[in-house]
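Trainee: Here it is, the structure, as structure tokens.
Derivation of every value follows stated rules applied to the coordinates shown; laboratory data play no part. Keep in mind the model is a prediction, meaning the values are calculated, not measured. Virtual Cβ from ideal backbone geometry, glycine too; neighbours counted across all protein chains shown.
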Amino acid sequence: MTRTINLFLPLLTVMICASVGIQAQAPPTKTVEQQYKNIQVLQGLPATELDPVMAFMSGSLGVRCDYCHSNAFEKDDKEHKIAARKMIKMVFDINKASFNGNTEVTCNTCHRGKPRPVAAPAVGQNLWAPAPPKQAEPPLPTPDSIFEKYVQALGGTAAWDKITSRITKGSRIGADNVLVPEELYQKAPNKIVTTTTYPGNAFSNGFNGTTAWGFSSKDGEQELPAAFLKQLKDDADFQKPLHLKSQFANLRVVGQEKVNDRPVWVVVATKEDRQRERLFFDTETGLLLRRYAESKTILGNLPLQTDYDDYRDVDGVKLPFLIHWAFPGRIWGRKITEIKQNVVIDDAKFELPKKQQ
């Protein structure tokens, strides 16, 4: 799975987006069998969707890639890989025969984070014990009041209007907790570029106000999924946090929970395409602490959770200095060390770089 996923990690929130393209972009996506060797049961799947599918299986079984794969991913030299093909076919057959082809049964249905499914029910429950009395729940605020408090917590519209550019420096936190340098340049109203510098290769992705692109210093321009391109365009909105409410067609406050011991209001936010997210706002500060969404893969829904922490005041606006992303089996993040605003940034910074010969 590490073949291409490093490029996608900086903005893996693309996995919650619908597949919508913007402008003319990279050439048509190859299928997995066109790009990779020895593909047998996933033929026809777009190659850019292979990594989320592998992540779904990895998280469902609670194993890493090397559980099924050797260093040569295409080889059939591990019995678990052979078994995985049979299990994928079994899942497809069950859903086709019993659920009209809908993805109701998945790897996670049986495995639940373990390589071997647990067949026997758990002990230790007493279903006959009297239930404790329910505590009275606090009255629910309206979605409008939550989002109004959120905007004010961020500093308010007037403070954000005074900011026209931003340079963010820090590190990408790898799943292995290794830090690598990362820089983010933004310019109002809608330009962005992120560069993550790994040893021997730097990955960049950006939007210049018209076109989104991906680039590797080693390999040149990169083909990106349509959803990734759509997310780049969305992230380029310089005042995106202020526009959070407008991303959704319907909002509903469903109750109170806790995130890292902080009480939060939970808002179920539904987009026009019926995709849902759960947004978690600190009941005291009003700040957004978490977003949770699921994206469809051919094997089942893959959840993605984004956590925002260490909010700090920078020139009158609040920004998170620590962000973590997580899906089953993998957690990574961004640790920010410096933010400078209202600096001069040449528009050329947001154009697709040229590969060095």
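Trainee: Normalised by the residues of the chain, what does the relative contact order come to in percent, with Cα pairs under 8 Å and at least six apart?
Mentor: Values: 638 pairs, mean separation 72.4, N = 357.
Once normalised by length, the contact order is 20 percent.
Trainee: Among rounded, prolate and oblate, which fits segment 256-357 when a ≥ b ≥ c are the square roots of the eigenvalues of its C-alpha gyration tensor, a/c under 1.5 means rounded, and a/b larger than b/c means prolate? Could you put the intermediate results ahead of the total?
Mentor: Values: a/c = 2.05, a/b = 1.24, b/c = 1.65.
Judged from the Cα gyration tensor, segment 256-357 comes out oblate (a/c at least 1.5, b/c at or above a/b).
Trainee: Among PHE238, PHE73, PHE215, whose mean-square fluctuation peaks in a Gaussian network model of the chain (Cα, cutoff 10 Å)?
Mentor: Highest fluctuation among the options: PHE73.
Trainee: Assign one of three labels to segment 102-236, namely rounded, prolate or oblate, based on the Cα gyration tensor with a ≥ b ≥ c the square roots of its eigenvalues; rounded applies when a/c is under 1.5, prolate when it is not and a/b is larger than b/c, and oblate otherwise. Mind showing how you got there, number by number?
Mentor: Values: a/c = 2.59, a/b = 1.40, b/c = 1.85.
The shape class here is oblate.
Trainee: On to the next question. Assuming 0.36 nm per residue, please report the length gained on full extension of the stretch ASN126 to ARG112 beyond their Cα-Cα distance. Kindly include the intermediate steps, with their values, before the conclusion.
Mentor: Details: separation 14, 0.36 × 14 = 5.04 nm, distance 2.21 nm.
Fully extending the segment from ASN126 to ARG112 adds 2.8 nm.
Trainee: Hey, what did segment 143-350 get for relative contact order, percent, Cα under 8 Å, at least 6 apart?
Mentor: Details: 423 pairs, mean separation 46.0, N = 208.
Relative contact order here is 22 percent.
Trainee: Say we join alpha carbon atoms closer than 10 Å with springs in a Gaussian network model of the chain; which of PHE99, PHE327, PHE56 then has the biggest fluctuation?
Mentor: Looking only at PHE99, PHE327, PHE56, the largest GNM fluctuation is found for PHE99.
Trainee: Could you tell me the relative contact order of segment 212-313? Use alpha-carbon pairs under 8 Å, at least six residues apart, and round to a whole percent.
Mentor: Numbers: 137 pairs, mean separation 13.4, N = 102.
Answer for segment 212-313 is 13 percent.
Trainee: Further question: Would you mind pulling out the separation of the Cα centroids of segment 168-187 and segment 321-357, in Å?
Mentor: 6 Å
Trainee: Give the cross-link partners of LYS134 among the lysines, using a straight C-alpha distance below 21 Å as the criterion and excluding same-chain residues fewer than 8 apart.
Mentor: Of all the lysines, those that pass the test against LYS134 - Cα under 21 Å, at least 8 places apart if same chain - are LYS258.
Trainee: Running a GNM on the chain with Cα contacts under 10 Å, which residue among ARG334, ARG166, ARG85 ends up with the highest mean-square fluctuation?
Mentor: So, out of ARG334, ARG166, ARG85, the one fluctuating most is ARG85.
Trainee: Okay, moving on. Which of LEU184, VAL266, GLY174 sits closest to the plus end of the dipole of the chain, meaning its Cα is farthest towards the positive end, when Lys and Arg get +1 and Asp and Glu get -1 on the C-beta?
Mentor: Toward the positive end, the furthest listed residue is GLY174.
Trainee: With r defined as the distance between the Cβ atoms of GLU284 and ILE345 and R0 fixed at 35 Å, what FRET efficiency is calculated, to the nearest 0.05? Let's see the in-between values first.
Mentor: Numbers: r = 35 Å, r/R0 = 1.01.
With a Förster radius of 35 Å, E is 0.50.
Trainee: When Lys and Arg each count +1 and Asp and Glu each count -1, what net charge do the other residues less than 15 Å away from ASP235, Cβ to Cβ, add up to? Could you put the intermediate results ahead of the total?
Mentor: Working: positive: ARG166, LYS187, LYS191, LYS230, LYS233, LYS240, ARG291, ARG334; negative: GLU182, GLU183, ASP234, ASP237.
That works out to +4.
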